[in-house]
Structures are given as structure tokens and as C-alpha cells.
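**Q** One structure, as C-alpha cells, below. Some questions next.
The values are calculated or read from the model by the stated rules, or taken from the named source; none is laboratory data. Since the model is a prediction, treat every value here as computed from it, not as a measurement. Heads up, the Cβs are rebuilt from the backbone with ideal geometry, glycines too, and the neighbour counts pull from every protein chain shown. Each accessible area value is taken on the protein alone, full model and side chains, heavy atoms only, with ligands, DNA and RNA left out. Shrake-Rupley method; radii C 1.70, N 1.55, O 1.52, S 1.80 Å.
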Amino acid sequence: MTRPTASTTSQECPPQFPFAPAPPTAAYEMRTLSTDAEREEAAALVQNRQHWLTMRGLPVPARADIPAQFREAQTLSAGLYEDGRLLACMIPEHDPDLGWGQRPGLYLSCVHTLPGQADDIARLITLWASDFAARLDLHVVRAEALARHALDANPLAALLRRLTDIGWDVRGSGPGRDGDRVARLELPAEHRPRLRPLISCQVHAPQPTPDNRSSM
């Protein structure tokens, strides 16, 4: 009688879970706009947002070329996405000369959000920007909000209250980078490692702006 051969069941039937489960995909993605289609979508969002503000009698920047700026390939703009849907766009810059603010910082220029979801989107941008600045070894994030009237007058006052509630500090008002009167905003940089499962970041690190003040 021959001896029975060893069962080959274990070789023919792979284990039920042969690989470790893939890590969950982040709910949101912040990434550099790298294709013509992405840049055109951002320009359209800017135009949509500006039209939304105008129809409600709210101020819009005096500059008329902001959509065109987002279309330019040399502009390192970024977009916040949810399932492929663009929620916001902006231009992150490394410590430009704003004429205000002391410590090196990340500046969020030309921030435009999808109408109707500004509060939720602003909170996501705030969390991402604080973490991104910290990873760039910068101290603060800066931004400017149009301030055609006094800071304690609505609708600006309501906007500033919402921003301070999510971590921004108001540093007074004055001429903005583009000549408009603005409210000056700062946010402390803070490493947020627990943010990665919520917002993945594929934004190119902006290069420091050349400091020409020494030659003035």
C-alpha cells in the first residue's frame, strides 16, 4: 500500500485575506493644479464666486485678471477637492512682502470657495494651511479679506467672527497687497499629523519670494 500524499489544499486555495487591507482614502485632497483642465475649472470657480458675491451686493477684488491668473501654467495654484469635485482654489506663496507681519509665513492669495459651502470649506482650508506651513518650517499663515467698511460692520464682522472661531487672528486693517483695504489675518502654524486621513496634500512647496527691500 502506498502512503497517501500530502494534501495540496493549502497550495490550491489561497488564504481568504492574502494582503493587508489598503489604507482608507482621504475624504479630501489639496493638490497643485497641474493640467489645463484643472486650471480652467479653477478660473470658472473664481468667476462663479465673484458673480455670486456681486449678485448679493458683497465686495469683490478690484483686480479683473484673477481668473486669467489661475489659467496661467506658471502660477502654482492649488485646489481643494472632494471626490474629484473642486471646492476651493487659491495661490499659496512663501513669505511675500505684504508690508505687514513680522515672522516668515505662508500667504494664501486669491482664495475662492464654492458658493454655499464657505464655512465648511474655510475650516478645511484652515486645518490644511496650518499643517502645511508647519511642514515648511514657517511660523504663521497669512491671508487678507476685503474690508471696504469698518471691521465691526456686517457682513465683514460676521465673516471675521467665523474665522476667529476656527483659529484665525485679526491683525487690524490697512492697504492690501493689491491696493484694496483689507482685514489682515494670521493663523499659527501647527503640525497636525492626524489630519492626513482627512485631507491628503499634494501641493508643491512654494519658493521663497526674493526680498527686494534691501535694494529700495
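**Q** Among what's in region 13-42 and is part of a loop (DSSP other than H, G, I, E, B) and either of a type in the set (D, E, K, R) or more than 24 Å from Leu195 (Cα to Cα) (or both), pick the residue that is modelled with the highest pLDDT. Break it down stepwise before answering.
**A** Of region 13-42, the ones part of a loop (DSSP other than H, G, I, E, B) are 13-27, 33-35.
Checking the rest, the ones that are also either of a type in the set (D, E, K, R) or more than 24 Å from Leu195 (Cα to Cα) (or both) come to 13-19, 35.
Numbers: Cys13: 42, Pro14: 42, Pro15: 43, Gln16: 45, Phe17: 41, Pro18: 44, Phe19: 44, Thr35: 96.
Top of the filtered list is Thr35.
**Q** Inside region 49-91, can you point out the residues that are in contact with a Pro (Cβ under 7 Å, 6 or more places away or on another chain) and either of a type in the set (D, E, K, R) or modelled with pLDDT of 95 or more (or both)?
**A** Arg49, Ala78
**Q** For Gln207, are the conditions met, namely being under 19 Å from the mean Cα position of the chain (by Cα) and surrounded by 13 or more Cβ atoms within 10 Å (Cβ to Cβ)? Quick ask: steps written out before the conclusion?
**A** Values: under 19 Å from the mean Cα position of the chain (by Cα): yes; surrounded by 13 or more Cβ atoms within 10 Å (Cβ to Cβ): no.
Against the criterion (under 19 Å from the mean Cα position of the chain (by Cα) and surrounded by 13 or more Cβ atoms within 10 Å (Cβ to Cβ)), Gln207 does not qualify.
**Q** Then there is this: All but one of (1) farther than 30 Å from Gly84 by Cβ; (2) open to solvent by 40 Å² or more (accessible area, probe 1.4 Å); (3) of a type in the set (A, V, I, L, M, F, W, C) hold for Leu198, so report the exception by its number.
**A** Of the numbered conditions (1) farther than 30 Å from Gly84 by Cβ; (2) open to solvent by 40 Å² or more (accessible area, probe 1.4 Å); (3) of a type in the set (A, V, I, L, M, F, W, C), the odd one out for Leu198 is (1).
**Q** Where in region 53-156 are there strands (runs of 3 or more DSSP E), lying fully within it, with 1 or more residues that are in contact with a Cys (Cβ under 8 Å, 6 or more places away or on another chain)?
**A** Values: elements: 78-82, 85-94, 105-113, 140-146.
The qualifying strands (runs of 3 or more DSSP E) are 78-82, 85-94, 105-113.
**Q** Follow-up question, since we're still on this one. Just to be sure before I move on: is Gly179 surrounded by fewer than 14 Cβ atoms within 10 Å (Cβ to Cβ), over 18 Å from Tyr28 (Cβ atoms) and in contact with a Lys or Arg (Cβ under 9 Å, 6 or more places away or on another chain) in the structure I sent? Even if it seems obvious, please write down each step before you answer.
**A** Values: surrounded by fewer than 14 Cβ atoms within 10 Å (Cβ to Cβ): yes; over 18 Å from Tyr28 (Cβ atoms): yes; in contact with a Lys or Arg (Cβ under 9 Å, 6 or more places away or on another chain): yes.
Spelling it out, Gly179 is indeed surrounded by fewer than 14 Cβ atoms within 10 Å (Cβ to Cβ), over 18 Å from Tyr28 (Cβ atoms) and in contact with a Lys or Arg (Cβ under 9 Å, 6 or more places away or on another chain).
**Q** Of the residues Ala62, Ala78, only one is of a type outside the set (Ser, Thr, Tyr) and either in contact with a helix residue (DSSP H, G or I) (Cβ under 6 Å, 6 or more places away or on another chain) or surrounded by fewer than 17 Cβ atoms within 10 Å (Cβ to Cβ) (or both); which? Full working, then the answer.
**A** Working: Ala78 fails: either in contact with a helix residue (DSSP H, G or I) (Cβ under 6 Å, 6 or more places away or on another chain) or surrounded by fewer than 17 Cβ atoms within 10 Å (Cβ to Cβ) (or both).
Result of the check over Ala62, Ala78: Ala62.
**Q** Here's a follow-up. Only one of Ala143, Ala134 is aliphatic (A, V, I, L, M), in contact with a Leu (Cβ under 7 Å, 6 or more places away or on another chain) and under 29 Å from Gln202 (Cβ atoms); which? Before you say what the answer is, go through the steps one by one.
**A** Working: Ala134 fails: in contact with a Leu (Cβ under 7 Å, 6 or more places away or on another chain).
Unique residue meeting the criteria: Ala143.
**Q** Do we have any residue at all in region 161-174 that's outside any helix (DSSP H, G or I), among the aliphatic types (A, V, I, L, M), modelled with pLDDT of 95 or more and buried (at least 19 other Cβ atoms within 10 Å of the Cβ)?
**A** no
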